[in-house]
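Coordinate-derived values only; no laboratory data. Note that the structure is predicted; figures quoted are calculated from it, not measured. Every residue, glycine among them, receives a Cβ derived from its backbone with ideal geometry; neighbour counts consider all protein chains shown.
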Amino acid sequence: MKYDDTTYRFLKGIEFSNGASFKICDKSNENVFYSDEYLVELSRNKKILHIGCVDHLALIDDKIKSGKWLHKNLLIVLIYVLV
């Protein structure tokens with residue numbers, strides 16, 4: 001996997017930002033997705049075992065209000081979830 005120095009610093013936990021965004025490229029058609037959008041689309045109409053979504057507690061309320069909380073967005077598109 002290739003990534004720049006800025007991305008490396010986030011992956012290693014050297015830096016944190018709740019506003020950072022990283023693009024994931026689907027090589028089959030070169031579409032670019034944001035990670036949350038990619039996970040939601042990958043999970044659509046699937047049955048999954050839910051092992052949790054981790055987030056920073058201070059950010060969850062704002063994410064829920066703005067419709068960007070991954071946990072809820074996954075639950076909306078799934079057929080069945082085993083928790």
Taking His50, His56 and counting other C-beta atoms within 10 Å, the order from fewest to most: His56, His50
Show me, for the stretch 3-18, the HN-Hα J-couplings you get by feeding each phi into the Karplus relation (A = 6.51, B = -1.76, C = 1.60, θ = phi - 60°), rounded to Hz, glycine and proline as x. 8, 7, 4, 4, 4, 4, 5, 6, 4, 8, x, 6, 10, 9, 8, 6
What residues have an amide H closer than 5 Å to that of Leu78, excluding those fewer than 5 places away on the same chain, when H is modeled at 1.01 Å from N in the peptide plane? Asn45
Testing the spin-label approximation: label points 7 Å from Cα along Cα→Cβ at Tyr80 and His50. State their distance in nm. 1.5
According to a simple spin-label model (label point 7 Å from Cα along Cα-to-Cβ), what is the distance in nm between Asp4 and Phe16? 2.4
